[in-house]
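Encoded as structure tokens, the structure appears first; notes follow it.
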Amino acid sequence: MLTTALGWFALKLTDSYVWLEKLRDLIYGLLELRDRAREEGLEVIPIREGTPLVRYGFVSMLKGGVIMDVTNEKQAAIAEDAGAVGVMVLDKLPYDVRAAGGVARTADLRVIEAVMSSITIPVSAKCRIGHAEEARLLEEIGVDLIDESEVLTPVDEKAHINKWDFKTPFVNGARSLPEALRRIYEGASMIRTKGEPGTGNVAEAVKHMKLVNRDIATLRGYYMAGDHEAIWVYAKENKVPYELALLTARLGRLPVVNFAAGGIATPADAALMMWLGADGVFVGSGIFKSGDPEARARAIVLATSFYDDPETVVEAQKMVSEKVSMVGIDVRKLRPEELMQIRGE
Amino acid sequence: MARIGVLALQGDYLEHYQVLKGLGIEARYVKTPSDLRNIDALIIPGGESTTIGKLMAIKGMVDAVREFVRSGSPVMGTCAGAIVMAKKVFDRVLGETNQPTLELMDINVIRNIFGRQKNSFVARVYIDEIGDVVVAFIRAPGIAEAWNGARITGYIEHPQIGKIGVAAKQGNLIALTFHPEITGDDKVYRYFIGLVKR
């Protein structure tokens, strides 16, 4: 009964970060410590750069905010002016990636650098699933957050990038809790619940967010009932580490920050995803494939922050016109091979 | 007992709230001017300073918080919060940002002084009146100068940047360019609660 009485304050979100940092130390830390001791004697280093805690911490600062897909400096300036907490630089918006077909790769590095030197907010960029070299290039030029994304064409469907190797935080997509926990185990600092990219249709994002929530509720239920055996079985059946399943069960939420993504096109879409437990939202094609990007960007920022205040969401929704919302695509009309969400489980 | 408000427009307000609750303090989220009526002190959390500044302006929070400060109530800003409280804000690369702030403290804050996210770090720093704290600097700003009643109360000696201010005080206003809430160092909170008039 003690755990019930303490409620969810028994474990804080930052406790989970400390725990995840220990997990990483367990895997790589001992080797690193040995190397460092050899190089520098036993000197204590006063400033520790790019540690896992700093990566989880950075992502924590994005909560309650909107990250917007942009393809150039002009769009990045609109996003910053609207109050976005970050931009994601792409070569093409997901809607255009879908239309163009062919192989989608990371954006032009010169475009990313131009965006970085024109705005003050964090800049993210996408690399292909499994393409560690694209990720290294993005880290080298100083991108703040790397999205290992299914919107681009995967180069390795079986193995994602080992993200513990990087100082830069990574975000990965997930359609279910087990997929999310596998990405966290590989070193992802942030999860975005996948929708179907470039459709302007929030249906898939809703479906996957609810699936994740139900699995978390199930695990939480096992934990509150003291049924660790059931958590063990869940971990085994879903191919996730027991420790991460247990951490999720204790915390009652994903152990890292979770944004919603895929098909968000209106302020109401953003507020809906926040109600479903998202910590923030990514807006892809929804803003710059609409007829009113400036007003829509501001409105989505407002609706995301004030999602639990219907009066303000009404105000935000009135800032945009449904006549110029992105037309969108019915997900049921897409052929199975056209789905991006199934890439790299 | 002191009731501490946490500005909950954007950023890591949950982390501040959880540290306060962990210390047994009554914490409340603040989003609109009326929420300021029932609290004794306010924390402005980390996040994106441009986003927080714009959302505050939309909801009439700029005048409301300035009024709250005039009545003598303590306010503490961490990272983005420190930027939001400053009268002058520059970016290391882009120069003067002209972003909306509360213009509460006579300090000049330089955004992203240590570089981009890959240069973020954890360090131990000494802050006057608070002591040694282990805290996270995440795309952190620095405090370049303070004038009038403001004074810099802590510095870091950074291998690339050199010596730069990381904390400032002006009356009951505290600006910290780092995150005590991420490392969970509660010394800062005990100090801040001590500023509330009994």
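The values are calculated or read from the model by the stated rules, or taken from the named source; none is laboratory data. Remember, predicted model here, so these are calculated numbers, not experimental data. For neighbour counting, all protein chains shown are included, and Cβ atoms are generated from backbone atoms with ideal geometry for every residue, glycine included.
Observations
Every residue, every condition in (1) out of contact with any Phe, Trp or Tyr (no Cβ under 9 Å at 6 or more places or on another chain); (2) within 29 Å of B:Ile161 (Cβ to Cβ); (3) aromatic (Phe, Trp, Tyr); (4) not in a helix (DSSP H, G or I), yes or no:
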| position | (1), (2), (3), (4) |
| --- | --- |
| A:Val103 | yes, no, no, yes |
| A:Ile112 | yes, yes, no, no |
| A:Thr120 | yes, yes, no, yes |
| A:Arg136 | no, yes, no, no |
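- Wholly enclosed helices (runs of 4 or more DSSP H) of the stretch A:258-345 bearing at least 2 residues charged (D, E, K, R): A:293-305, A:310-318
- Scoring A:Val314 on the criteria (1) of a type outside the set (Ser, Thr, Tyr); (2) modelled with pLDDT of 95 or more; (3) closer than 21 Å to A:Ile78 by Cβ leaves a single failure, condition (3).
- Candidates are the residues of the stretch A:63-80 that are among the aliphatic types (A, V, I, L, M) and within 19 Å of B:Pro100 (Cα to Cα); the one that is surrounded by the fewest Cβ atoms within 10 Å (Cβ to Cβ) is A:Ala77.
- Number of positions in the stretch B:135-168 that are touching an Asp or Glu at 6+ places or on another chain (Cβ under 7 Å), farther than 30 Å from A:Leu138 by Cβ and either among the hydrophobic types (A, V, I, L, M, F, W, C) or in a loop (DSSP other than H, G, I, E, B) (or both): 5
- Among residues of the stretch A:240-258 that are closer than 11 Å to A:Leu219 by Cβ and at pLDDT 95 or above, those with a beta-carbon under 8 Å from a residue that is polar (S, T, N, Q) and assigned to a loop (DSSP other than H, G, I, E, B) at least six positions away or on a different chain give the pairs A:Ala245/A:Asn238.
- Residue check for A:Asp25: modelled with pLDDT under 90, surrounded by 14 or more Cβ atoms within 10 Å (Cβ to Cβ), in a helix (DSSP H, G or I) and among the acidic types (Asp, Glu): yes
- Residue match in the stretch B:78-94 (condition: within 17 Å of B:Asp40 (Cβ to Cβ) and either within 13 Å of chain A (Cβ to nearest Cβ) or touching a strand residue (DSSP E or B) at 6+ places or on another chain (Cβ under 9 Å) (or both)): no
- Unique residue being in contact with a Ser or Thr (Cβ under 9 Å, 6 or more places away or on another chain), surrounded by fewer than 22 Cβ atoms within 10 Å (Cβ to Cβ) and away from chain B (no Cβ under 12 Å) when the list is A:Arg110, A:Arg105: A:Arg105
- Matching option when the condition is aliphatic (A, V, I, L, M), buried (at least 19 other Cβ atoms within 10 Å of the Cβ) and under 20 Å from A:Met88 (Cα atoms), among A:Val257, A:Val212, A:Val206, A:Val240: A:Val257
- Of the numbered criteria (1) buried (at least 24 other Cβ atoms within 10 Å of the Cβ); (2) modelled with pLDDT of 95 or more; (3) closer than 21 Å to A:Ala235 by Cβ, the one A:Ser176 fails is (1).
- For the stretch B:1-40, the candidate set comprises residues that are away from every other protein chain (no Cβ under 13 Å) and surrounded by 22 or more Cβ atoms within 10 Å (Cβ to Cβ); within that set, the residue that is farthest from B:Val196 (Cα to Cα) is B:Gly5.
- Within the stretch B:146-169, the set of residues being of a type outside the set (A, V, I, L, M, F, W, C), surrounded by fewer than 20 Cβ atoms within 10 Å (Cβ to Cβ) and closer than 24 Å to B:Ser73 by Cα comprises B:Asn148, B:Gly149, B:Arg151.
- Top-ranked residue of the stretch A:144-183 - restricted to ones that are in a loop (DSSP other than H, G, I, E, B) and either among the basic types (Lys, Arg) or within 11 Å of chain B (Cβ to nearest Cβ) (or both), ranked as nearest to A:Ala99 (Cα to Cα): A:Arg175
- Residue count, the stretch A:184-196 (criterion: in a strand (DSSP E or B) and either surrounded by fewer than 24 Cβ atoms within 10 Å (Cβ to Cβ) or out of contact with any helix residue (DSSP H, G or I) (no Cβ under 6 Å at 6 or more places or on another chain) (or both)): 1
- Search result, residues across the stretch A:225-237 that are out of contact with any Phe, Trp or Tyr (no Cβ under 9 Å at 6 or more places or on another chain) and exposed (fewer than 13 other Cβ atoms within 10 Å of the Cβ): A:Ala225, A:Gly226, A:Glu237
- Any chance A:Ile141 is among the β-branched types (Val, Ile, Thr), at the interface with chain B (Cβ under 8 Å from one of its Cβ atoms) and more than 21 Å from A:Arg298 (Cα to Cα): no
- Test for B:Asp91: is it of a type in the set (D, E, K, R) and in contact with a Lys or Arg (Cβ under 6 Å, 6 or more places away or on another chain): yes
- Taking residues in the stretch B:156-181 that are more than 14 Å from chain A (Cβ to nearest Cβ), and partners anywhere that are in a strand (DSSP E or B) and among the basic types (Lys, Arg), the pairs with Cβ atoms closer than 9 Å and at least 6 places apart or on different chains are B:Ala168/B:Arg151; B:Lys169/B:Arg151; B:Gln170/B:Arg151; B:Ala175/B:Lys169.
- Residue match in the stretch B:59-66 (condition: more than 18 Å from B:Leu173 (Cβ to Cβ), at the interface with another protein chain (Cβ under 9 Å from one of its Cβ atoms) and surrounded by 21 or more Cβ atoms within 10 Å (Cβ to Cβ)): no
- Applying the set (1) surrounded by 24 or more Cβ atoms within 10 Å (Cβ to Cβ); (2) over 13 Å from the mean Cα position of the chain (by Cα) to A:Glu148 leaves exactly one unmet item: (2).
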